[in-house]
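Data first, discussion second: the structure below is written as C-alpha cells.
Where a number appears in this text, it was derived from the coordinates with a stated rule and is not lab data. What you see is a predicted model; the values in this text were computed from it and never measured. Positions of Cβ are backbone-derived with ideal geometry, glycine not excepted, and every protein chain shown enters the neighbour counts.
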Amino acid sequence: MKDLPIDRDYLLDTLRQLLAIPSPTGFTDEAIQFLQNELTRLGIKYEMTRRGAIRANLSGRRYSPDRAVVAHVDTLGAQVKRLKENGRLELVPIGHWSARFAEGARCTIMAESKRYRGTILPLKASGHTFNEEIDTQPVGWRHVELRIDERCTTLQDILDLGIHVGDGVAIDPQPEVTDSGFINSRHLDDKAGVAIMLAAAKAVLEAGVELPVDCHLLVTISEEVGSGASTGLHQDVSEMVTIDNGTTAPGQNSSEFGVTVAMADMTGPFDMRLTKSLIGLCREFHIPHQRDVFRYYRCDSAAALEAGNDMRTALICFGIDASHGYERIHASALVDVARLIAVYMQSPPEDSA
C-alpha cells in the first residue's frame, strides 16, 4: 500500500464546479451529467441505476466479493408548496434544515420551461414597517416566502410565468475559499464528499497501483431524504465506506482538520472491524484523525443496511461547522480524507484480513 499524492487543485476545482450546479434532491440530473462527463474523462467505467444514480468501478485483482465507496450529490433545497395571492411562493423544505438558514437566501426556481431568480424572506421583512416584530416573529417554513425577481404581484402573475406547485427551489451555495484554506459554502454536504471520491480515484489511476478487489464508486441522489444507498449496490459488495460530513459543534469530537471517523450515528454503531481497520490505516500512514459519535445523524450506510444489504459499513467524515446551514470546512481535511480513501482502496478487504 502507498500513501498516494492527492491533487489538491483538482479536488477543489471539482468541488467548485459541483457547487455551481443546482442539485436539490429530486433535481439532480445536471450534476449527474457533470459527473458522467468527468468519469469518462478520467477513464473510469460506470453505469446508471434506474433511479439515476451512478455506479462506477475501479477494477482489482478480484471482482467478487468487492467493496464500495459512496457519497451523495443531492443537497438540501425547497419546493413550491403554494402560489400565494400576493405573487409570492410558500415553500416546504427538501431535506431536514431550518428556515432560519433560508431567510435571506438567494435562490433559483426550477420551473418547467424556465428558471427564475428570487430571495427567501421572512413574512415581516421590513424593519421600517414592522419595527421590532421582525425580531419577534416566529421561525419556520410557514413564516417565510419566496419573492420572485419578476413583475409578479398576483397569483395569476405566477401562473403566467409558468411556475407551479412542486417546482424545485435551489439555494445559492455562495462559496468562498480563504487564503487560510477555509471553504465557506452551502451544500458542502456532500459535494465535498463526491470531490474527495474523484480525487482519490484519480490518485489511484495515476499511480498505477493494483487494487486487491474491485472498488465501486457510488454517487447517490436521495441521501438528504433518507433513501440514499438503499438502491444501486451490487449484491457482491461485502463492505462499504461512506464519505460525508462530521459536525464540529459543542459536545462533538469532530474537527475541521484531519479525518473524523464515525463510531456510531443515530442508527447505532458502525461495523467495528471495518471501522478499526480505517483507524489503523490512519495510524499507519500518519493521517491526522479523531473519532466521534453522532446523535442526530444518518447517512448512506444506514440506508443500505435498512434496505437489506448484507455488508460491513463505516463512515468517514470531513469536519463541517454549521452543518445544514452556511457550512465551513478546511481544504486540508478534504485532502486527508482523500488520502485515507486512496489507501483504503489498496488495503485487503475485511473478508481476507
Likely footprinting exposure, Phe257, Phe285, Phe318, fewest C-beta neighbours within 10 Å first: Phe285, Phe257, Phe318
Nearest 10 degrees, 0 to 90: helix 29-42 Cα axis against the chain principal axis: 30
Calculate the length of the line joining the C-alpha centroid of segment 19-86 to that of segment 274-353, in whole Å. 19
Under a crude label model (7 Å from the Cα following the beta-carbon direction), how far is Arg142 from Ser113 in nanometres? 3.6
Rounded tilt (10° steps) of 188-207 against the dominant C-alpha axis of the chain: 30
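Lys and Arg at +1, Asp and Glu at -1: add these up for the other residues within a Cβ distance under 15 Å of Glu47 and post the number.
On the way: positive: Lys45, Arg50, Arg51, Arg55; negative: Asp66, Asp214, Asp236.
Cβ neighbours under 15 Å give a net charge of +1.
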Contact order relative to length for the chain, counting C-alpha pairs under 8 Å separated by 6 or more residues, stands in percent at 24
Could you tell me which trypsin sites (Lys or Arg not before Pro) in segment 241-322 are loop residues by DSSP with no more than 11 other beta carbons within 10 angstrom of their beta carbon? Arg295
For a test of understanding, tell me how many lysine pairs in the chain have Cα atoms under 27 Å apart, given they are 8 or more places apart or on different chains. 15
Contact order normalised by residue count of segment 205-305, Cα under 8 Å, 6+ apart, percent: 35
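Under a Cβ-Cβ cut-off of 9 Å, what is the net charge of the residues other than Ala56 that fall near it, where Lys and Arg count +1 and Asp and Glu count -1? Display every interim value, and only then the final one.
Details: positive: Lys45, Arg55; negative: Glu47.
Result for the neighbourhood of Ala56: +1.
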Any idea what the dipole of the chain comes to, in debye rounded to 20, about its Cα centre with Lys/Arg Cβ at +1 and Asp/Glu Cβ at -1? 160
Placing each pseudo-label 7 Å from Cα in the direction of the beta carbon, Asp157 and His128 end up separated by a distance in nanometres of 1.8
Quick check: the angle from helix 8-19's long axis to the longest principal axis of the chain, C-alpha only, nearest 10 degrees? 40
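Would you mind calculating the relative contact order of segment 77-171 from Cα pairs under 8 angstrom and at least 6 residues apart, reporting the percent as a whole number?
Values: 192 pairs, mean separation 41.9, N = 95.
Value for segment 77-171: 44 percent.
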Chain lengthening between Asp149 and Arg82 when straightened (0.36 nm per residue, less Cα-Cα): 22.4 nm
Placed amide H near Arg312: partners under 5 Å, 5+ positions off or other chain: Glu239, Met240
So, counting K/R as plus one and D/E as minus one, what does the shell of residues with Cβ under 9 Å around Gly118 add up to? +2
